[in-house]
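Scroll down for the structure; my scribbles are underneath it.
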Amino acid sequence: KNYYGGNWASFSFSGLLSWIKENQQKTDVSDEWDDWRKLILENEEAISLSKKDRTIQHVEDFCFGDQDSAEGVEEAGALPKLPVFGAAGAEGLAQESEETHSAVESTEPESPEPEKTTGTEPASAREGSDAEITSENASSHSAALGESAGELGQTEAAPPEASAQEPKKITYSQIVREGRRFNIDLVSKLLYSRGLLIDLLIKSNVSRYAEFKNVTQILAFREGKVEQVPCSRADVFNSRQLAMVEKRMLMKFLTFCLDYEQHPDEYQDYENGTFAEFLRTRKLTPSLQHFILHSIAMVSETDCSTLQGLQATKKFLQCLGRYGNTPFLFPLYGQGEIPQCFCRLCAVFGGIYCLRHPVQCLVVDKESGRCKAIVDHFGQRISAKYFIVEDSYLSESVCTNVCYRQISRAVLITDQSVLNTGSEQQVSILTVPPVDLGKPAVCVVELCSSTMTCMKGTYLVHLTCPSTKTAREDLEPVVQKLFNLNTEKETENEELEKPRVLWAVYFNMRDSSGIDRNSYNRLPSNVYVCSGPDSALGNDCAVKQAETIFQEMFPTEEFCPPAPNPEDIIYDEDEIVPEESGFSNSPETKPEASTEEMSSGDSAAAEKADNEE
């Protein structure tokens, strides 16, 4: 590949158009060097690797505007002249955040940014990306993931934006011209503020290379309308949607969920039933049941057990308040920044990441059954003790017994938010329950321009669900409920109130998580397979998988130990020797805990590493 991160990558708009074109073409890639088999000795055999990524299917893109008007339009500041679908881009300008409880507030005025090829440079290397994670109480939660973490830095608050004016009509040619302001993720995920990935970013000091923004609102779709879900105690008692008796009911239930293990008598009779059935026994109103099931626990109505629902609710509640008023963080410049951050740390200590460097085969010793080397498409033979292969590189002959799931994905560019509030700079998550029982719910993540993922005046909307059909068949009904797809000037009043879709793409992505190692044919013992993204909202699956593989290879080593700070490294001739203090967090570099963590004595957990190819 010519970009970092595999299916975890982020693209500029023109970079995504190039990716779409590549995946719509069904031609196989021929060997650039046909004589690679001559490098295989008599006592060796070769396991060929796949020449084409087959993890993406059913790619369909749509423009809901005048596409012809974009003919000849190029991205602003693009480097060499490329076809319309091929220019790799950089990010947009920092947008100012208005909200009181915003997690990251950008302070960069609108000025050109340094250029960046798609997916090659971490956010911290860019000018004007200083940011600050704050929370409901700035005095008690004044830090980001920690001062050592890179910081999600401390800057003065951005001035409020000018009062809202009549929204301008965004054209397709504007989107193409401002394509470098978009950072569009192939996979849509959020970081739980007390999840394994956040703990790992802090512990390993990798978070120094990234910046984050707090998700500002949790939404629900009920009776055809989008509503805001009260999460924290303050939200519940300030809510105008709930009657006073409902507020008491909700707080009582959420308090129970925080320590449900201490009260087994309240749920053990319902352990074999679903969480939805359990909620009906708790004398909760239908609206509260809907909020808890779909927007707090975010679980299936038919397939989730009572214990799973209680665990999911507790996880949500425990993540509240660490960095803001919701449990979630989103990395500025997109999810694709996370694998780049780990790559950067790896490079600092001598790791090499080769782009545009296909591999032809694995070389296996017939006697021992272990993999000895790989052969690349230049005819080079590279030896190693261990080999980690992303599932998509394995050929069909190796995966004949593997049964894959699929993820349905859609990405939309829209002209306004699904729920208009006082601020344009909202980051929202919405779960749309299925119409038919047994079908999956659809997770919708809406990003504003201050996340550095879209141009000002637009929103980037990600829709995700486990696949039952093609992505368009799974997700278009939800898109039609939430958005206006009508390009005609005359539309009904109801459609006028909905955000207008300017551009959309649908695709199915392979979910290779949870595949048992024994399902692969002829896999040498020292070859480890890592999966692509799974359908879950968080990153726990990738973190656990990375740690498991690492511990199998190096059982006596610590997984992702804290990296020394650059100022603690002593350069002695050609060697780099970290000072003894480099591996311990000094007062200046130790990640800063939130007030509640310091009072309770909780320490950041350790586990997880990167997830790319």
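At a glance:
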{"quantity": "Violating pairs (Cα-Cα greater than 21 angstrom) within the set Lys247/Lys314; Lys225/Lys498; Lys1/Lys38", "calculated": "Lys1/Lys38"}
{"quantity": "Vicinal HN-Hα couplings computed from phi for region 466-476 (Karplus, 6.51 cos²θ - 1.76 cosθ + 1.60; Hz; Gly/Pro x)", "calculated": "x, 6, 10, 9, 6, 4, 5, 5, 6, 9, 4"}
{"quantity": "Local electrostatic count at Arg510 - Lys and Arg +1, Asp and Glu -1, tallied over other residues with Cβ under 10 Å", "calculated": "-1"}
{"quantity": "Contour excess over end-to-end distance, with Cα ends at Arg233 and Arg37 and 0.36 nm allotted per residue", "calculated": "64.0 nm"}
{"quantity": "With all protein chains modelled, accessible area of Val402 [1.4 Å, Å²]", "calculated": "20"}
{"quantity": "Anisotropy class of region 232-319 from Cα gyration tensor, a/c 1.5 cut", "calculated": "prolate"}
{"quantity": "Residues Arg280 and Gln241, FRET efficiency given R0 of 22 Å [Cβ-Cβ distance, rounded to 0.05]", "calculated": "0.60"}
{"quantity": "For region 436-569: rounded, prolate or oblate by the Cα gyration tensor [a/c cutoff 1.5]", "calculated": "oblate"}
{"quantity": "Cys231 long-range amide H proximity, modeled H, under 5 Å", "calculated": "Val236"}
{"quantity": "Arg356 accessible area, 1.4 Å probe, all protein chains in place, Å² to nearest 10", "calculated": "140"}
{"quantity": "Cα shape, region 320-456, gyration tensor, a/c 1.5 rule", "calculated": "prolate"}
{"quantity": "Heavy-atom accessible area ranking, 1.4 Å probe, most first, across Cys403, Cys371", "calculated": "Cys403, Cys371"}
{"quantity": "Theoretical gain in end-to-end length, Met553 to Asp516 [0.36 nm per residue, Cα-Cα removed]", "calculated": "11.6 nm"}
{"quantity": "Residues with amide H under 5 Å from that of Ser305, placed H, sequence gap 5 or more", "calculated": "Phe275"}
{"quantity": "Which of Ile170, Ile382 is most accessible, then next, and so on - probe 1.4 Å", "calculated": "Ile382, Ile170"}
{"quantity": "Per-residue HN-Hα couplings for region 321-327 [Karplus 6.51, -1.76, 1.60; θ = phi - 60°; Hz; x = Gly/Pro]", "calculated": "x, 6, 10, x, 8, 10, x"}
{"quantity": "Spacing of the two label points (7 Å from each Cα toward its C-beta) at His357 and Asp436, in nm", "calculated": "4.8"}
{"quantity": "Distant-in-sequence amide H partners of Cys454 (H built 1.01 Å from N, under 5 Å)", "calculated": "Asn183"}
{"quantity": "Probe 1.4 Å - accessible area at Met298, Å² to nearest ten", "calculated": "50"}
{"quantity": "At R0 = 35 Å, FRET efficiency that the Cβ-Cβ distance of Ser383 and Gln308 yields, to 0.05", "calculated": "0.15"}
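The values are calculated or read from the model by the stated rules, or taken from the named source; none is laboratory data. As the structure is a prediction and not an experimental result, all values here were calculated from the model. Neighbour counts run over all protein chains shown; Cβ positions are idealised from the backbone, glycine included. The area values use the complete protein model at the heavy-atom level, side chains included, leaving out ligands, DNA and RNA. Shrake-Rupley method; radii C 1.70, N 1.55, O 1.52, S 1.80 Å.
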